[in-house]
1. May I ask you to evaluate 6.51 cos²θ - 1.76 cosθ + 1.60, the Karplus curve with θ = phi - 60°, for each residue of region 62-77 and list the ³J(HN,Hα) values in order in whole Hz, giving x for glycine and proline?
2. Counting other Cβ atoms within 10 Å, which GluC sites (Glu not before Pro) in region 137-170 have at most 16 and lie in a DSSP loop?
3. Using 0.36 nm times the number of residues separating I105 and R19, minus their current alpha carbon distance, what extension gain do you get?
4. Students often get this wrong: which residues of region 100-124 have the backbone nitrogen under 18 Å from the point 7 angstrom along Cα-to-C-beta of E148?
5. Taking the alpha-carbon distance from K63 and a cut-off under 29 Å, which lysines remain once sequence neighbours fewer than 8 residues away in the same chain are dropped?
6. Using amide H atoms built 1.01 Å from N in the peptide plane, name the residues 5+ places from N77, or on other chains, whose amide H lies under 5 Å from its own.
7. With charges set only on the Cβ (+1 for Lys and Arg, -1 for Asp and Glu), what does the dipole of region 131-188 come to about its Cα centre, in debye to the nearest 20?
Amino acid sequence: MSTVMHSAPAAPAGKNNRRVGVALGGVVVGMVGLAFASVPLYQLFCQVTGYGGTTQTAETNPKGVIAREMKVSFDVNMDRALPWTVKAAAPVTDRIGQVDTVNYIATNHSDKPTTGQAIFNVTPEQAGIYFNKIECFCFTEQTLQPGETVEMPIVFFVDPDLADNPELNTIKEITLSYTFYASDSEGS
């Protein structure tokens, strides 16, 4: 006795190729979308967690001042394409939670208006989430006229919650570092 097995007819090769092509096209589109979204998502992650020395923004210090002191130093780095000199603010030692104001001083050495902006980070990186800026020139592009010198203020405080983080018990100094670069809108 013989048994005959019947199989379902195979789908045409062209139809399978189209399915695979559509699936691969969807993967490519998804990967491109993730690539474009990665920068804003990473920035959001850093702002929320303080990762990479990213600071926080605040309107005031609602938590008060504690007795522990912290020295805050300031640093500056310049992009060669920006014809400015920028002098960093002097270090400040104050009680944690105290709101302080310091000024960077920038001068445009060009014979034309130039626009620049600064990016920043905090070291040690773990302290970034506790460093709060109320006002900062880094939030916007700065345009300086030929030969113009300006004071660029930063109003900040160190969050008293830093004292609750045992990993930061030995930290006595935080450095806020700015890198100034020529703005992309320069040629606009």
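Any read-out appearing in this document is the output of simple, stated calculations on the displayed coordinates, not a laboratory observation. Here the structure is a predicted model, which means the values were calculated and not measured. Please note: Cβ atoms are built from the backbone with ideal geometry, for glycine as well, and neighbour counts cover all protein chains shown.
1. x, 9, x, 10, 10, 6, 4, 9, 9, 8, 10, 9, 10, 9, 9, 10
2. Loop-located and lightly packed - E141, E148.
3. 24.8 nm
4. Residues passing the 18 Å test: 104-118.
5. Correct list for K63: K71, K133, K172.
6. Y178, T179, F180
7. Here the size comes out at about 120 debye.
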